[in-house]
Structures are given as structure tokens and as C-alpha cells.
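Quick notes on the structure that follows.
Here, each number is a calculation from the coordinates, and none is a lab measurement. Not measured: the values here are computed from a predicted model. Glycine gets a Cβ as well: all are built from the backbone with ideal geometry, and neighbour counts include every protein chain shown.
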Amino acid sequence: MKKILIIILFVIGVYLLFLIIPVSSLDKNMGGNYNNPSQHAFINEFFGTIVSSANLNRAFPAMPKRVNNPITSKKEKLGELLYFDPLLSRDNNMSCAHCHHPDLGFTDNRALSMGHGGTGVGQNRTGGTVLRRGSPTIWNSGYNHKQFWDGRADDLEHQASFPIQDKKEMAQDKDELIKELIIIPEYVQLFNEAFESNDKNPAVTFENVTFAIAAFERTLTANNTRFDQYSRGNYLALSKSERKGLNLFRSLKTRCFECHNFPTFNNPDFKAIGVPHIENKEPDLGRAEIVGKGYENAFKVPTLRNIALTAPYMHNGIFKTLDEVIDFYAGGGGRAHGFKGSQLDDKIRKFELSHEERKDLVAFMHALTDESNKPTIPDRVPSSLSVVPSLDNQSLEMIGEKIEYLEPEQINIDRVGKKLIVNTGQSIQDGIDIAKDGDTIFVKSGEYFETLMIDKSNITIMGDAKNEDLPILNGKNILPDAGVGTGSNIEINGFIIKDYTANGLMLNRSSNVTFRNIHCKNTGLYGLYPVECVGVLVEDCSVTGISDAGIYIGQSKDIVVRNNVTYGNVTGIEIENSVNALVENNEVYDNAGGILVFLLPNNPSKVSLNCRIINNYIYENNHVNFGEPGSIVSNVPQGTGLMIMAGDSVEVTGNRFYDNQSFGASVIGLDLFFGEDFVYDVDPIPDACWLHNNDFRNNGYNPAKIVKESGLDGADLLWDVTGYNNNWDEDNVTSIPPTLPNRDWSWLSRKTNYRVWRLLFNIVG
């Protein structure tokens, strides 16, 4: 008896240890990191910037600055002289300006820069050490989160220390540099004026050299381009071609804006796009050389401001012109150069542009040029060494044809009070261009072949519903988008939209957006697409024939999606990386996936929180998945009713899940899509999701091939055992695994269940 008791106690002890002792293979999937202070700090900051935006006229972010390097005019002036002084190099023949020349877009217009031992400037420089990368522009570099193509420097001060000492660049010894500086009285005086000094803290130090150069570089801002003038309300600042190019730039056809967003036209992330390696040279792994696995072939996203001045392009200068860059992206990025789609950022996809569209896109990028703040090269520097000469820009882009601006045409749109009346044969865009705050652009029945640029706020675009004959926006399978814009306090009401190639309606970084009574058919990747918005209402709409999501709300906050019908799409409704969403009373059927609530990596918003899925009819979502191969949505199993992936605090109640062949509802982590080795910038675990009081009937009767290949069967409810505090208060349903925790479970039983199934899943694979 004693032995039996000992055995029992031993088993209990082992069991308790199993519950308590950390096990990395199990506990990494537990979750629990949700709804925390850092998350809310991010929400307040990220969505706060959206609310403060004004159409395209957006304030630049605060420029990162060192607390211990306060900026003064004397420090900036000193930094400018040092920047142009060859004294900073070992042989006294190379300055910062040799690789970052003001007349060459603060680059050197070379594919690969040339460092120590060279003579000359720009493309005429010869005889020196050829470096492994090209020189990135210093225009607006003060706004970069990291410096260099690989991000190895945290800020401009840190960056300035590298090339001076690099044996292949300026090859200077920092102590020798200080010896040279302190024997020049003019420099000593300038350092003493710029920095506080005493016997213990001399002003002429290597650190202060980098501080002064950084102070100067922070003055190199370009923010008064013709695009900026357009964004401030002068719609005549851009030519018609440039406006078309702006639309293409932010269209889902090209997806340029997703990495080069306004106003900086860059991105804090590092992206792998598959830039081809230079033949016969060792592959450059970029960011991975600094931080390791997960960032292979990823490089800093550069600003596109002054892009026309800075050819050739990419970190290795492999593309000579913007046309070549467009060819690269249109071909699917690195896919044409031996890279697999899984090695590239998920936004890199193939697209087609006509000859005119290419011209328009290039024209727009040329409109991002502003040299009004370019400094004059000093006639002399305190060392009396020769400074770089003034040059003509050597970018091939600057040899192109000049844009001839036409006088603006008279716009003849009838106005009755606050109503602008657009008749068939007129342009809706003309009405938008002349609209004032509070105006309604009233569009008469008929067919309109155009893309709307909605970059004004406080307007309504209303279709004439007389005799239920709504006006039609028809892209005729030629135009990419029905509408693209950034306006706030916008309502678009009463339209049929059909046959666009990229997207139906997209508003970006807008506040208070309403899409009402819109009917989209065959509009490309998305039907209704508010992204990075605050305050979104989509109601009484229908969407069909979409190759990604019929109604997509991404990176947004305070969302209502109600009383809509979505069918015949890859996904009916998708809420992605968003906060505070209500999805209610929608009819969702005949899609591959009904409703998705996702938190995906590598997006501006890093959080998904507080989504409610209430009283929807989600049935027969068994359409073949026709999503673009390689896209995330293409992996959604045919027959998915609802999928919550990594989303936190999602409540699902009062819904009807009928006849979805793979499963009714699922809660999964990101590893199931991306693999366990993927490096995430978001929490990959779904936490605190609650499913209760739903009606499940006949789900999981014929699971899709991708489900079977995962070793799973069909079910009403599917859980991959990530996020152990999810709750499933559902009776009389089939589930995987067979036991799902509900709100009545104790912590002990919940953790036991989690660990048992997690262990079995790990064993089975």
C-alpha cells in the first residue's frame, strides 16, 4: 500500500512539475502578451498621427535627435565645413561630399561608390577602392530610423563615425584627425564656439566631429516638391500625367505606397525585394549581416524624395533608370532573378503597366524633386584643402524629356448651393477638384470611365438613386482603381463599381470614412479598402468577384461593418491589424473564406485588438480559392467560415455558421502560415478570444486539401493550441482538438489541457 501511495504521489509530483517547469517548445505558444501598456502606447501614437493628418498634407514625423547633441546654428555651420573638408580622410583628398555630393542628389551617381585612393568626383572618379554598395542620399536622412543600407548605425551621429575610419572609405585614424584639427586655429575657434569646453572636456574631439556633421545633415530636408504643393491644396501643381502617376503609385496595382508612404516616402522597416546580386561578387545579405537570421537580402527602404537626382538605384546601383526599377517590380521583384516568393516581402507581386502608365508613374516620381534647401558648396574650408567642384547632375533621369504644362481648362459643373451636379458626359473628378468644405458632388445616373482622386476632406460623393438607377463607375478592365484618396470626413454613397483591375475604392490615412450603398463587382484585389484609417463605416454594400478581400479594413481603428453582402470572393470580409471593430448583420457566402480577423507581420500597425463578430450569416463559403499564388490569402482553406489568426480579444457571438466544408470557425497562430522559424515584429499568438452562443450546422464535412495535408479533419471549431486563454463556450459542436477550454475552466485545468495538446501536436508534427 505504501509503495502504491508513493507511486501515486510521484505521478502527481511529475504532473505538477510538468505544469510548472518552463518548456520552451511548449511555452513559446502560450501567449498572454496582449492588451498591455506598450500595446496601448503604440495604438495612441500610430492612430494619433492618422487623426492629425490633413489629406496628403501630412506633417513629417519628429526628427530623431540625440539629447546630448542639441542643435545650434554654430554647430550646423561647423558640421558643414567638416562635411566638405578632405582633412577627414587619411590622404587629405576625400571628403564626405565625394560620396554624397549636393549636386548629385547627395549621392555620387555611381552604382558602387569609390573610396580610399580615388581621384575625381561622381562617375568620373577613378583609381580608388570600389565599395560593395552605392551611397544612399542624405536628403531627409535625419528622419531615418536607422542609417546605412543595412541599418548598422542608430542615428546620424553614429553613422558619421563609420566612413571616416573605414579602411576602404576615408581610411582616417580618429586620433590623427584630432591632431590635424587642433593645429588649425580657425577650427579650434569654431569647435569652442559650437561646444562647451574646459580643460577636462576639450571641444575638439572625434565625438564632436560626428556631432557637428550630424547637425549639418539634419538641415538637409526636401519638403517643398510640386507633390507637396498639390498636397497643400493646389491641384494644378501636378500635370495630368503626374496626377495619374500619383494614382498608380498608391494603387494596389503597383503597391508602391505600402513601402514608400507619405510624407517621407520611406519606411522604418527593412525589406527583402530580391535585388539581383552583382555577378562575380559575393552575395550581399544586407540586414542579416547585422541582426542575423530572418533578414536575409533585406535592405533599408530608401526615401523617394529627390529620386530623379540619385540614379543609379538600389543598394548596389544595379538599375540605371526608374524605368528599369519599374520593370523589376512589374516582374515580381527577385522572382525573375532566382529568388523564391517565400524569400521576398509579401507585397512584391507582378503587375502590368501600359507604356503611358509607365510614363505617368515616372513623371510623378520626378515631381518629388526639391532642391530649394540645397546648400552652396563653400569656396574654402579651414584646412585650405581643395573642396569638391560644382557639377551637373549625372543621373540619367535628368536627361529625360521636359514636362510641358498646359493652361488649366475651365471646369463647367453646375452648382446649386452646396451641391455640385455632375451630368453624364462630365467628369466626377472635376466636381471633386472644385468642391469646398461641406459640398456634395451629386452624380447623375450614367456611366463614368475614370479614376477618382479623393484628396479633399469634408465632402460627400452621392450617386443619383432615382428610379434605382445608380451611376456606374466602369473601369472597362483598363483602369486600375475606381477611387483612391486621403480625404477625411468623406461619404461615398450610391454607386455601382465594376471592372477595375486593382481595387474598387481605397482611402488611406483618413478619418471618418463612410462607404454606403456601394456595389462592387470584379475590381481586382479588393472591393472596398479603407487602410490606416480612424472611424470607418461600411454598410448596405455588396461585393463580388474579388481576388483577395471583398471588404478589407486594414491597419485601422474604430470600425463598423454591417448589413453588407459579400459573395464569390476569395475572402468576404477581412479585418487586419486593426483595433475596435464591429462586424455585424452581414451575409457572407460562397467565398473561399468568409470572415478573417488577422494580425500579420511587416505592416505599419503592429496590433489586432477588440474585434466583435456578431449576428452574421456565414454559410457555404466553399468557393475555390483563386487568390494570387504566393499571397497570404491564397493559403486560406476553401470552406473557411471564420479564421482568427493572431488576433487578440475577438468576441464571436450570435452568428450562424452553416455548411462551410473545412471548418466553421478557427483560432490559430502565425506559425501555421509562416513556419516556426519566421522572425515576427508582432505577437504571433491569438489571446483572449471568446466564441459563444453561435449556431454551427454541418461544417467540416469535406475539408480542403491544405487542411488534410496538415493532418487535420474538418470541424465546427478548430484551434491550433496557441493562446491558452481563449474560450469556446459552445455546446454540441465538433472540434479539433476534442476538448476546448471555456470560461468555466480553472487555471489548472486550462493549462493542463493546453500542455497536453501542445505536447501531442509537437509529437505528431
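Hey, got a sec? Which trypsin sites (Lys or Arg not before Pro) in the range 90-133 land in a DSSP loop and have at most 11 other Cβ atoms within 10 Å?
Within the range 90-133, no trypsin sites (Lys or Arg not before Pro) qualify (loop, at most 11 other Cβ atoms within 10 Å).
Can you list the GluC sites (Glu not before Pro) in the range 617-726 that are in a DSSP coil and have 12 or fewer other beta carbons within 10 angstrom?
Numbers: sites: 620, 651, 676, 709; in loops: 620, 676.
Of the GluC sites (Glu not before Pro), the ones in loops of the range 617-726 whose Cβ has at most 12 other Cβ atoms within 10 Å are 676.
Of the chymotrypsin sites (Phe, Trp or Tyr not before Pro) in the range 123-200, which ones lie in a loop per DSSP and count no more than 12 other C-beta atoms within 10 Å?
On the way: sites: 139, 143, 148, 149, 187, 191, 195; in loops: 139, 148, 149, 195.
When the chymotrypsin sites (Phe, Trp or Tyr not before Pro) of the range 123-200 are filtered for loop state and at most 12 Cβ neighbours within 10 Å, nothing remains.
Take every Cα-Cα pair in the range 567-637 and report what % of them are more than 20 Å apart.
On the way: 841 of 2485 pairs.
Here the long-distance tail beyond 20 Å is 34 percent of all Cα pairs in the range 567-637.
Give the Cα extents of the range 509-764 along the principal axes, in whole Å, largest first.
Extents along the principal axes, in whole Å: 48, 35, 34.
Report, by chain and number, residues whose modeled amide H sits under 5 Å from the one on residue 272, excluding near sequence neighbours (fewer than 5 apart, same chain).
Distant-sequence amide H within range of residue 272: 299, 345.
Please compute the contact order of the range 499-629 in relative form: average sequence separation of alpha-carbon pairs under 8 Å and at least six residues apart, divided by the residue count, as a percent. If you can, show how the numbers build up before the last one.
On the way: 439 pairs, mean separation 24.5, N = 131.
Relative contact order for the range 499-629 comes out at 19 percent.
Above 19 angstrom, tally the Cα pairs of the range 655-711 and express them as a % of all pairs, no decimals. Can you show the working numbers first?
Numbers: 748 of 1596 pairs.
Percentage above 19 Å: 47.
Run the numbers on the range 268-322 and let me know its relative contact order in percent, using alpha-carbon pairs under 8 Å that are six or more apart. Can you show the working numbers first?
On the way: 68 pairs, mean separation 17.7, N = 55.
Worked out over the range 268-322, it gives 32 percent.
With a cut-off of 8 Å between alpha carbons and a minimum separation of six or more residues, what is the relative contact order of the range 509-764 in percent? Spell out each step's value before the answer.
Numbers: 800 pairs, mean separation 30.4, N = 256.
About 12 percent, as a whole number.
Could you go through the range 508-524 in sequence order and give the Karplus-derived ³J(HN,Hα) for each residue, using 6.51 cos²θ - 1.76 cosθ + 1.60 with θ = phi - 60°, rounded to whole Hz, and x for Gly and Pro?
Coupling constants for the range 508-524: 10, 6, 10, 10, 6, 10, 10, 10, 9, 6, 10, 10, 9, 9, 6, 10, x Hz.
What residues have an amide H closer than 5 Å to that of residue 153, excluding those fewer than 5 places away on the same chain, when H is modeled at 1.01 Å from N in the peptide plane?
Amide H neighbours of residue 153: 147.
Show me, for the range 684-696, the HN-Hα J-couplings you get by feeding each phi into the Karplus relation (A = 6.51, B = -1.76, C = 1.60, θ = phi - 60°), rounded to Hz, glycine and proline as x.
3J(HN,Hα) across the range 684-696, in whole Hz: x, 10, x, 10, 6, 7, 9, 10, 7, 6, 9, 10, 10.
Rounded, prolate or oblate: pick one for the range 647-765, where a ≥ b ≥ c are the square roots of the eigenvalues of its C-alpha gyration tensor, a/c under 1.5 means rounded, and failing that, prolate if a/b is larger than b/c, else oblate.
Details: a/c = 1.44, a/b = 1.11, b/c = 1.30.
Here the range 647-765 falls in the rounded category.
Over the Cα atoms of the range 36-149, what radius of gyration and what Dmax do you get, in Å?
According to the Cα coordinates of the range 36-149, Rg and Dmax are 19.0, 57 Å.
Can you work out ³J(HN,Hα) from phi for every residue in the range 78-91, in order, using Karplus 6.51 cos²θ - 1.76 cosθ + 1.60 and θ = phi - 60°, giving whole Hz and x for Gly and Pro?
Computed from phi, the couplings for the range 78-91 are 4, x, 5, 5, 4, 4, 9, 9, x, 4, 6, 9, 4, 8 Hz.
Compute, for the range 58-408, the length of the dipole vector about the Cα centre, with Cβ point charges of +1 (Lys, Arg) and -1 (Asp, Glu) only. Units Debye, rounded to 20. Provide the component values of the computation, followed by the final result.
Details: 44 positive and 48 negative charges, 213 e Å.
Approximately 1020 debye in magnitude.
Can you bin the range 58-408 into rounded, prolate or oblate? Criterion: square roots of the alpha carbon gyration tensor eigenvalues sorted a ≥ b ≥ c, rounded for a/c under 1.5, prolate for a/b above b/c, oblate for the rest. Each step should come with its number before you reach the end.
Values: a/c = 1.87, a/b = 1.54, b/c = 1.22.
Prolate, because a/c is 1.5 or more and a/b exceeds b/c.
Which value results when the Cα radius of gyration for the chain is divided by 2.2 N^0.38 Å?
Numbers: Rg = 29.3 Å, N = 765, 2.2 N^0.38 = 27.4 Å.
Dividing the Cα Rg of the chain by 2.2 N^0.38 Å gives 1.07.
Give me, ordered by chain and number, the residues 5 or more places off residue 319 or on other chains with an amide H under 5 Å from its own placed amide H.
HN-HN under 5 Å from residue 319: 313.
Just check the range 469-527 against the gyration tensor rule for me: Cα atoms, a ≥ b ≥ c as the square roots of the eigenvalues, rounded for a/c under 1.5, and otherwise prolate or oblate depending on whether a/b exceeds b/c.
Working: a/c = 2.42, a/b = 1.37, b/c = 1.77.
The shape class here is oblate.
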